[in-house]
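Trainee: One structure is given below, represented as structure tokens, and several questions about it will come after.
The values are calculated or read from the model by the stated rules, or taken from the named source; none is laboratory data. Treat the numbers as computed from the prediction; the structure is a model and nothing was measured. Cβ placement follows ideal geometry from the backbone for every residue including glycine, while neighbour counts extend to all protein chains displayed. We work out accessible area using only protein heavy atoms, side chains counted, and drop any ligands, DNA or RNA first. Shrake-Rupley method; radii C 1.70, N 1.55, O 1.52, S 1.80 Å.
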Amino acid sequence: MQITDISAYPLRCELERPFSYSQKWFTHRTALLVKITTDDGTVGWGDVFCHDAGPALAVLIERTYAPLLKGRNPLDIAVLWDMIYNWTKDYGQKGLTTAALSGIDIALWDIFGKTTGLPISQLLGGAFRDRVQGYATGLYRVQSDDVLNHLVEEARGYVEQGFRAVKMKVGFGVQEDIRCVRAIRQAIGHGIDLMVDANHAYDVPSAIRLGRVLEEVGVAWFEEPVSPEDIEGYCAVRQALDIPIAGGEAEFTRYGFRRFVCAGAVDIVQPDICIAGGISEGIKIADLARTWHVRCLPHVWGTAVGLAASLHYIAALPDTPPSLNPQPMVLELDQTEHALRHITKEPIRFENGFVHVPDGPGLGVEVDESRLMPYLID
Ligand code: MG
């Protein structure tokens, strides 16, 4: 079996209603899909978390990585991962090089599954669960005359849809965040988990000041309180507060996560397998976290391909710590507008707050290429 072709699809779709988080406004969503074809006609798909770097990543994949991979056995996933990582190690290790590698790795796992007739979660050692509790990631800012009321109504909507956990954006100023967090907690009650995500908008004193109120309000975790480079800052925030600290969506590979985990910077690591090194590296990061008794709850903000890959990944991770009534593994379900979440022939099922892990071969979902074409960047 040989790899015969590797194609990259940079995609962009405009938003009907722009939204912002603590760092910037979004007027459009982007994605990069990777398609690997083999000599027997098998096709595997991967997803790269890329923001606006899709076209640059497409060049990297098609001009630099594809020549290395053509003619190779796609089932040599670990061998190929190592080859690519080491090829760009002197100037890579993180960022776009690792992102591109992530998409390739996911596509290779899809091919492995389709070739064996097994779902990826089975190939990873088996699924600990066939459905995963989803939490709603939303509550971004939109242009509105009444921001608070808009947020409250949105949060109530998630509860009505069956979500048992909701994550809101903070990082808009400590006092503004406190006003909004209190309002959301009052709107959803104490029976629903509430998480907050600052997307590294704060320094240590501000994060701790907000965190004291988050303790009082009762949040399940405080995500990215400070800048991802500031490991010491993470440690200071974590030591000052009694709520779990989460982070890692802007970190890469087991080597990057080693710094986070071994420093005691976080209670929860959040690798995104579409940027941190793919499914292969995601398993190693989860193993590293478990070895240090840190929870691993992946970041997910991609297309249906990334969502399916993340479901298999999460399905294959045990509860940490194990018990009769463990803290649930949860799947981040992005609720913002994103046309590229609907590119597969069969939708991923969400029922009563849970998402079903696809049980077909590979990713268990088939990309409908005709749905990509309207969004393809030339
Ligand atoms: Mg986040």
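Trainee: Rounding to the nearest 10 and keeping the result within 0 to 90°, find how far the Cα-based axis of helix 96-116 lies from the longest principal axis of the chain.
Mentor: For helix 96-116, the angle is close to 60 degrees.
Trainee: Arrange the peptides 367-375, 233-241 so that the one whose residues have, on average, the most other Cβ atoms within 10 Å appears first.
Mentor: 233-241, 367-375
Trainee: Taking the alpha-carbon distance from Lys70 and a cut-off under 29 Å, which lysines remain once sequence neighbours fewer than 8 residues away in the same chain are dropped?
Mentor: By straight Cα distance, Lys70 reaches Lys35, Lys89, Lys94, Lys114, Lys284, Lys345.
Trainee: Taking the mean number of other Cβ atoms within 10 Å as a proxy for protection, how do you rank 58-70, 255-267 from highest to lowest?
Mentor: Top to bottom by mean Cβ count within 10 Å: 255-267, 58-70.
Trainee: Right, next: Quick one: net charge of Trp45's neighbours, Cβ under 9 Å, K/R +1, D/E -1?
Mentor: -2
Trainee: Any idea what angle helix 278-291 forms with the longest principal axis of the chain, computed on alpha-carbon atoms, 0 to 90 degrees, nearest 10?
Mentor: 50 degrees
Trainee: If you line up the long axis of helix 174-188 against the longest principal axis of the chain, both from Cα atoms, how many degrees apart are they, to the nearest 10?
Mentor: 90 degrees
Trainee: Normalised by the residues of the chain, what does the relative contact order come to in percent, with Cα pairs under 8 Å and at least six apart?
Mentor: 21 percent
Trainee: Sticking with this one: Where does the charge balance sit around Leu363 when Lys and Arg score +1, Asp and Glu -1, over other residues with C-beta under 10 Å from its C-beta?
Mentor: -2
Trainee: Towards the positive end of the charge dipole of segment 3-118, with charges on Cβ (+1 Lys, Arg; -1 Asp, Glu), say which of Ala66, Leu80, Leu11 has the farthest Cα.
Mentor: Sorting the options by dipole projection puts first Leu11.
Trainee: Here's something else I'd like to know. Of all the Cα-Cα pairs you can form in segment 121-356, what percent are over 30 Å apart?
Mentor: More than 30 Å apart: 22 percent of the Cα pairs in segment 121-356.
Trainee: Measuring with a 1.4 Å probe in the full set of protein chains, what accessible area per residue, in whole Å², belongs to segment 3-118?
Mentor: 40 Å²
Trainee: Right, something else. What 222 nm value per residue comes from the helices of the chain, counting each DSSP H run with n ≥ 4 as -39,500 (n - 2.57) and dividing by all residues, nearest 500 deg cm²/dmol?
Mentor: One gets -11000 deg cm²/dmol as the mean residue ellipticity at 222 nm.
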